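First up is the structure itself, then whatever we jot down about it.
The values are calculated or read from the model by the stated rules, or taken from the named source; none is laboratory data. Everything numeric in this text was worked out from a predicted model, so none of it was measured. FYI the Cβ positions are ideal-geometry reconstructions off the backbone, even for glycines, and counts take in every protein chain you see.
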């Protein structure tokens, strides 16, 4: 999957936000998804699940100006799909692509998850929906998801991140949203959490994240460190650089996991 290989988490990498903004400006004029466009984007011939036939399993449809992807639903063998830099609002046609492992939908216009488009994608491990118009994660489920990137949306609350919907999630990226609290993430297997560039004032609910090793909170509005829990014994890296009084407490923050 060489064309699609990349670091799934862009958080706290210098220039990451600029990269996303540049990509957003590269959208092209609207056009309909045709069989010809699909054929041009197909690659990577592999055996199908039963081993008796072959099919292309990689599809690159980025920068095609697409508003509708209904024509994609018959390509059931696709495993790697890039839909970045289009005009998509509805991802429900993806529900039939049950072999998907990797999906990128960055820089589109998705506002919600109609009809739980990923509920049947039981093999999907990597999902990026950065730079869209999401305000919450209602309807988003990922039974096999290990990495989820929601950078640069308008998400205000986290109550959709429950263990039953994301039992395997290890990395969660929510940089550049509109969050005011960390409460609502009930993911006991989560190891990396990126929450930089939000409006977080309070640390709440973190005691549930006992396996967390990395927590990024820089450029928020933290009023105190209350909420960092002694149960977070796996925490190895914590970045809470914030303007104001909190900026003087970095040494204390970084070493908290050594105590208690």
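Table for the structure above
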quantity	calculated
Meets criteria (touching a residue at least 24 places away in the same chain (Cβ under 8 Å), touching a helix residue (DSSP H, G or I) at 6+ places or on another chain (Cβ under 7 Å) and within 25 Å of residue 116 (Cβ to Cβ)) for residue 186	yes
Condition met for residue 177 (touching a helix residue (DSSP H, G or I) at 6+ places or on another chain (Cβ under 6 Å), crowded, with 17+ Cβ neighbours inside 10 Å and modelled with pLDDT of 90 or more)	no
Odd one out for residue 187 among (1) modelled with pLDDT of 90 or more; (2) on the phi > 0 side of the Ramachandran plot	(2)
Residue 11, sole failed condition from (1) more than 17 Å from the chain's Cα centre (by Cα); (2) crowded, with 17+ Cβ neighbours inside 10 Å; (3) at pLDDT below 95	(1)
Residue 198 farther than 30 Å from residue 123 by Cβ, out of contact with any helix residue (DSSP H, G or I) (no Cβ under 6 Å at 6 or more places or on another chain) and modelled with pLDDT of 95 or more	yes
Test: residue in the stretch 163-170 that is more than 17 Å from residue 132 (Cβ to Cβ), modelled with pLDDT of 95 or more and buried (at least 17 other Cβ atoms within 10 Å of the Cβ)	yes
Some residue of the stretch 62-77 being crowded, with 17+ Cβ neighbours inside 10 Å, under 19 Å from the mean Cα position of the chain (by Cα) and over 21 Å from residue 135 (Cα atoms)	yes
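Residue-by-condition table, conditions (1) at pLDDT 95 or above; (2) under 23 Å from residue 39 (Cβ atoms):
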| site | (1), (2) |
| --- | --- |
| 98 | yes, yes |
| 141 | no, no |
| 144 | yes, no |
| 158 | no, no |
